[in-house]
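Since the structure comes first, as structure tokens, the remarks are kept for the end.
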Amino acid sequence: MYRAALLCVLLLLAGCTTGVSPGGTATPTATAAWDGDPDNHFRERTLTVAVVDEAGTGRDYAPLVREALDYWGANAERYAGFPLDYELVANDSDPDVRVRFVSNIAECGSETSDYTAGCARFLDSPDDVTRPIRVRVETGYADASTVSVVKHELGHTLGLRHGDEPTDVMAARSNLTTLPQPNATERALPWDSPNLTYYVDYATVPESERAETRRQMRETFGYFADGADGTVPDNVTFARTTNRSAADVVVRFADADPCTEGSGSCGGLRGTDPDRDGALETYTRLNVTVVDIPPDARGWHVGYWTALGFGLRGEELPAPLRSEDPDVRRNDWWA
């Protein structure tokens, strides 16, 4: 009996920095007398904003930035303590704020992580303000998520920190949705890296069966590292690890288990669904449980589920893993 469970989670960080973003030349704010709101560190009621698609995506980001600007135009006084208007300008030559859409954000001060989606400097006094004020936003997110990132980063330029009101905008972490991406089953390599690791739990395997079970595991993962008869990319490698929590594939053996009635095996895939279409886009873990199977057939069952971890099903499976013949399963099928 074969059953696969699909679980997914993706948590992205809308990252920010309290330092100056690199690139370009900043112009100090003029020190002319300001008779407006003393809490306004911009010393202007209206800021001009330019949008730059530095990643060259060809996507029209202006309406998304406009939505974020309209939000703060309506809410700056309530949350930042002073009223503010924004004017979106087509000319990028001399804006007060420049929103730059970039392919990735490699650094953003001390809070940068692999999942940083945006970056802007925290401003709360006239001495902090240099023009153009730079806001960086990573491309690849769906419209609503892009607006959320822009709103969050603009909030920092208004003097708001993580956790400040409005908390739904200024939270340090947010679930973001990407633009549609190929599902894992549509990718030649559904893992983030071709260099995979496996962990095998032998705790319940009798000592008399361990040598054969270890051989079965070694040959099975070696079969996939050799290309699985041309069904997986030839750059895939498998290495055994003693770190269960870090392994890509975890195998355990049991005499009985709720996952299957009687003898058999089951497998479950975990991964990420960044575009939230209900299907995993990449895999992060394959868990395999082998239940009451003789040692000389354990490799076949692990191989079947490992093939599933490469999106192989039905006629896509390597020939020996399609077989229902017990003799095939119990022989050195990988040869």
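The values are calculated or read from the model by the stated rules, or taken from the named source; none is laboratory data. Everything numeric here is computed off the predicted structure, so don't read it as measured data. Note that each Cβ is placed from the backbone with ideal geometry, even for glycine, and that neighbours are counted across all protein chains shown. The protein model used for the area step is the full one, side chains on, heavy atoms only, and it has no ligands, DNA or RNA in it. Shrake-Rupley method; radii C 1.70, N 1.55, O 1.52, S 1.80 Å.
Yes/no matrix, rows are residues, columns are (1) without any contact (Cβ under 8 Å) to a residue 24 or more places away in the chain; (2) open to solvent by 10 Å² or more (accessible area, probe 1.4 Å); (3) of a type in the set (Phe, Trp, Tyr):
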{"position": "ASP70", "(1), (2), (3)": "yes, yes, no"}
{"position": "LEU84", "(1), (2), (3)": "no, no, no"}
{"position": "VAL89", "(1), (2), (3)": "no, yes, no"}
{"position": "THR130", "(1), (2), (3)": "no, yes, no"}
{"position": "ASP143", "(1), (2), (3)": "no, yes, no"}
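Which pairs turn up if I take residues in segment 210-236 that are of a type in the set (Gly, Ala, Ser) and look for partners that are crowded, with 17+ Cβ neighbours inside 10 Å with beta carbon separation below 7 Å, at least 6 apart in sequence or on another chain?
Every condition considered, the pairs that remain are ALA225/VAL236; ALA225/PHE238; ALA228/ALA307; ALA228/PRO318.
List the pairs whose first member sits in segment 46-67 and is under 14 Å from THR146 (Cα atoms), whose second member is in a helix (DSSP H, G or I) and open to solvent by less than 70 Å² (accessible area, probe 1.4 Å), and whose Cβ atoms are under 6 Å apart, counting only residues at least 6 apart or on separate chains?
Sorted first by the residue in segment 46-67, then by its partner, the pairs are VAL51/ALA62; VAL51/VAL65; LEU64/THR146; LEU64/VAL147; VAL65/VAL150; GLU67/VAL147.
Residues in segment 159-196 that are open to solvent by less than 20 Å² (accessible area, probe 1.4 Å) and touching a Lys or Arg at 6+ places or on another chain (Cβ under 8 Å): how many?
Residues in segment 159-196 being open to solvent by less than 20 Å² (accessible area, probe 1.4 Å) and touching a Lys or Arg at 6+ places or on another chain (Cβ under 8 Å): 2 in total.
So which residues in segment 37-62 are in a loop (DSSP other than H, G, I, E, B) and open to solvent by 40 Å² or more (accessible area, probe 1.4 Å), if there are any at all?
ASP37, PRO38, ASP39, ARG43, GLU44, ARG45, GLU54, GLY56, THR57, GLY58, ARG59, ASP60 - these are the residues of segment 37-62 that are in a loop (DSSP other than H, G, I, E, B) and open to solvent by 40 Å² or more (accessible area, probe 1.4 Å).
Does ALA279 satisfy the condition of being of a type in the set (A, V, I, L, M), part of a helix (DSSP H, G or I) and either modelled with pLDDT of 95 or more or open to solvent by 10 Å² or more (accessible area, probe 1.4 Å) (or both)?
No.
Give just the number: which of (1) in contact with a Lys or Arg (Cβ under 7 Å, 6 or more places away or on another chain); (2) open to solvent by less than 40 Å² (accessible area, probe 1.4 Å); (3) not in a helix (DSSP H, G or I) does LEU312 not satisfy?
The failed condition is (1).
Which one of LEU196, LEU176 is within 30 Å of ALA76 (Cβ to Cβ) and either outside any loop (DSSP other than H, G, I, E, B) or touching a helix residue (DSSP H, G or I) at 6+ places or on another chain (Cβ under 9 Å) (or both)?
The match here is LEU176.
Taking only pairs six or more apart or across chains, which ones have beta-carbon atoms under 6 Å, a first residue in segment 256-282 that is among the aliphatic types (A, V, I, L, M), and a second residue that is crowded, with 20+ Cβ neighbours inside 10 Å?
Partner pairs satisfying both residue conditions: LEU269/TYR283; LEU269/LEU286; LEU280/ALA184; LEU280/GLY271; LEU280/ASP273.
Out of VAL328, VAL288, VAL302, VAL251, which single residue is among the β-branched types (Val, Ile, Thr), at pLDDT below 95 and either in a loop (DSSP other than H, G, I, E, B) or open to solvent by less than 70 Å² (accessible area, probe 1.4 Å) (or both)?
Just a single option satisfies the conditions, and that option is VAL328.
Can you tell me which residue in segment 99-126 is most open to solvent (accessible area, probe 1.4 Å), limited to those that are of a type in the set (D, E, K, R) and modelled with pLDDT under 95?
Filtering segment 99-126 down to residues of a type in the set (D, E, K, R) leaves 100, 107, 111, 114, 121, 124.
From what is left, the residues that are modelled with pLDDT under 95 are 107, 111, 114, 121, 124.
Details: GLU107: 81, GLU111: 78, ASP114: 147, ARG121: 57, ASP124: 86 Å².
Of everything passing the filter in segment 99-126, ASP114 is most open to solvent (accessible area, probe 1.4 Å).
Considering only residues that are in contact (Cβ under 8 Å) with a residue 60 or more places away in the chain and in contact with a strand residue (DSSP E or B) (Cβ under 9 Å, 6 or more places away or on another chain), which ones fall in segment 72-82?
TRP72, ALA76
Restricting attention to segment 199-212, which residues are in contact with a Phe, Trp or Tyr (Cβ under 7 Å, 6 or more places away or on another chain) and either surrounded by 15 or more Cβ atoms within 10 Å (Cβ to Cβ) or assigned to a loop (DSSP other than H, G, I, E, B) (or both)?
Across segment 199-212, the qualifying residues are THR204, VAL205.
Note down all Cβ pairs under 7 Å where the first residue falls in segment 312-335 and is of a type in the set (S, T, N, Q), the second is open to solvent by less than 70 Å² (accessible area, probe 1.4 Å), and they're at least six residues apart or on different chains.
That search, which allows pairs on different chains as well, returns SER323/ARG329.
Does segment 237-248 hold any residues that are open to solvent by 70 Å² or more (accessible area, probe 1.4 Å), outside any loop (DSSP other than H, G, I, E, B) and touching a residue at least 12 places away in the same chain (Cβ under 8 Å), and which are they?
Passing the criteria: ARG240, ARG244.
Rundown of residues vs (1) open to solvent by 60 Å² or more (accessible area, probe 1.4 Å); (2) over 30 Å from ALA256 (Cβ atoms); (3) modelled with pLDDT under 95; (4) touching a strand residue (DSSP E or B) at 6+ places or on another chain (Cβ under 6 Å), yes/no style:
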{"residue": "TYR2", "(1), (2), (3), (4)": "yes, no, yes, no"}
{"residue": "LEU13", "(1), (2), (3), (4)": "no, yes, yes, yes"}
{"residue": "THR17", "(1), (2), (3), (4)": "no, yes, yes, yes"}
{"residue": "ASP35", "(1), (2), (3), (4)": "yes, yes, yes, no"}
